[in-house]
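Notes for the one structure printed next.
Rule-based calculations on the coordinates, nothing more; no lab input. Please read all numbers here as calculations on a predicted model, not as lab measurements. Positions of Cβ are generated from backbone atoms using ideal geometry, with glycine treated the same way; all protein chains shown enter the neighbour counts.
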Amino acid sequence: MSETILEIIVLVISLFTGGTTGITATILSKKQQKIRDENKELKEKINDIKIEINNINTKLDVITIINNKLANNNKINIRQKNKDGNKNEKEKD
């Protein structure tokens with residue numbers, strides 16, 4: 001906020017001295033640089049977020065693979081128990 005007030009004061013003074021063009025260009029250049037710096041920071045943050053999302057997706061993929069293997073093992077165990085149960089019933093007969 002104080003930077004804006006200072007810019008206004010400089011512009012008013014420059015109106016009386018005739019140097020508005022150079023000062024205005026300097027002020028605009030500073031604002032452009034500030035915007036570029038903010039954009040650069042935002043792009044870096046976006047890249048960091050993308051990396052984190054990729055890491056999370058990778059972890060989810062690993063968890064999905066583990067869950068699928070566990071589910072397959074459970075199916076195999078159930079089939080094995082059913083076969084063993086059927087064998088026991090046949091032996092009783």
Give a residue-ordered list of calculated ³J(HN,Hα) values for the stretch 30-43 (Karplus: 6.51 cos²θ - 1.76 cosθ + 1.60, θ = phi - 60°; whole Hz; x for Gly, Pro).
5, 5, 4, 5, 4, 5, 4, 5, 5, 4, 4, 4, 5, 4
Could you give each residue of the stretch 2-12 its phi-based ³J(HN,Hα) in whole Hz, using Karplus coefficients 6.51, -1.76, 1.60 with θ = phi - 60°, and x for Gly or Pro?
5, 5, 5, 4, 4, 4, 5, 4, 4, 5, 5
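What does the C-alpha gyration tensor say about the overall shape of the stretch 1-89? Classify as rounded when a/c is under 1.5, otherwise prolate if a/b is larger than b/c, or oblate. Display every interim value, and only then the final one.
Numbers: a/c = 14.55, a/b = 7.85, b/c = 1.85.
Prolate shape, in that a/c is at least 1.5 and a/b is the bigger ratio.
So, with +1 on the Cβ of K and R and -1 on the Cβ of D and E, and no other charges, what is the size of the charge dipole of the stretch 1-89 about its Cα centre, to the nearest 20 debye?
In debye, rounded to 20, the stretch 1-89 gives about 740.
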At ASN82 and ASN67, where each label point lies 7 Å from the Cα along Cα→Cβ, what is the point-to-point distance in nanometres?
2.3 nm
